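Right, one structure below, let's go through it.
Since every read-out is calculated from the coordinates, none of them should be taken as a lab result. It should be emphasised that the depicted structure is a prediction, and the values quoted were computed from it without experimental measurement. No Cβ is skipped: glycine too gets one built from the backbone with ideal geometry, and neighbour counts run over all protein chains shown.
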Amino acid sequence: MKRSEIINKPEYFNRYINLLPDVELLEALYQSGQPLFESEASKLNGLQDKVYAPNKWTVKDIIQHIIDCERIFAYRALRFAREDKTPLPGFEENDYAKSAHILDRSLDELLQELYILRESNILMFKGFSNEQLMREGPSNNYTTQVLAFGFTIAGHGLHHLAIIKERYYPLI
C-alpha cells in the first residue's frame, strides 16, 4: 500500500511521512534504511561523540534514538495489526536517551543494529495483509493506522539524517 492510502495518524507524523514519495510501504522502508545510512557511514564515523551545541545529542545518540523509535512504532503496528485495541501511552525520548549508555557502543554496532532491525521490520510489514495495514488503534491519545506507523518508521530516519547533515556535518 502507498503513502497516499494513509487515513488515520497523528498530525505530528506528517513531518516524517511527508519526506517520502508516494511509493509502496516496503520500498519506502528499504530505501530509507541501512543503504542510506551506509552511504553516510564515513562522515558519521568522524562525528560519533561530537555535539553541535551544549546539551545536544551526539550522532550516536541520534542513531540510538532512531532504533528506539523504530522498535516502539513497530511494536505498536504489530499490536494493532493483530487487533489489539489496548490504548498505548506515549514515551519520553529524552528518558530513553539518558538510559541508553551510548558511550559503551560503537557507531558501527549501532548501524548494524539499525540494519538488522529494519530488515526484521520489512519482513513484519511484508507479512501484513492490506486489511491489517488499514487497521488502527489508540496510541498516545491518537487513533493511528498500522500503515502510518510503517511510513513513520521510514520517514523518521530521514528526518534525523537531514538534521545530522545540517547541524553536524559542518563540524567535520
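Brief remarks follow.
- Dipole size of segment 3-171 about its Cα centre, with +1 on Lys/Arg Cβ and -1 on Asp/Glu Cβ: approximately 240 debye, rounded to the nearest 20.
- A straight Cα-to-Cα reach below 20 Å connects K43 with the lysines K56, K60, K165, residues fewer than 8 places away in its own chain not being considered.
- Phi angles of segment 53-70 translate, via the Karplus equation with coefficients 6.51, -1.76, 1.60 and θ = phi - 60°, into HN-Hα couplings of 7, x, 6, 9, 6, 7, 4, 5, 4, 5, 5, 4, 4, 4, 4, 4, 5, 4 Hz per residue; Gly and Pro are given as x.
- Degrees separating the helix 146-163 axis from the principal Cα axis of the chain, which is the longest one: 20
- For segment 1-59, the relative contact order is 25 percent, taking Cα pairs closer than 8 Å that sit 6 or more residues apart in sequence and dividing their mean separation by the residue count.
- Annotation: the residues E27, E136, sorted from fewest to most other C-beta atoms within 10 Å of their own C-beta, follow the order E27, E136.
- Exposure proxy for F149, F91, F80: other Cβ atoms within 10 Å of each Cβ, ordered fewest to most, give F91, F80, F149.
- By the count of neighbouring beta-carbon atoms within 10 Å, fewest first, T144, T152, T58 end up ordered T58, T144, T152.
- Under 25 Å from K9, Cα to Cα: lysines that are on another chain or at least 8 residues apart: K85, K126
- Overall form of segment 84-161 per C-alpha gyration tensor (a/c, 1.5; a/b vs b/c): oblate
- The HN-Hα couplings worked out from phi for segment 39-50 by the Karplus form 6.51 cos²θ - 1.76 cosθ + 1.60 (θ = phi - 60°) are 5, 9, 4, 5, 5, 4, 4, x, 10, 2, 10, 8 Hz, whole numbers, x standing for Gly and Pro.
- All aspartates and glutamates inside 17 Å of K2 as judged from Cα atoms, apart from same-chain residues fewer than 8 positions distant: D22, E24, E27, E131, E136
- Label-to-label distance, E109 versus Y169, with points set 7 angstrom from Cα along the beta-carbon direction: 2.8 nm.
- Mean separation of Cα contacts under 8 Å (6+ apart) over length of the chain, as relative contact order %: 43
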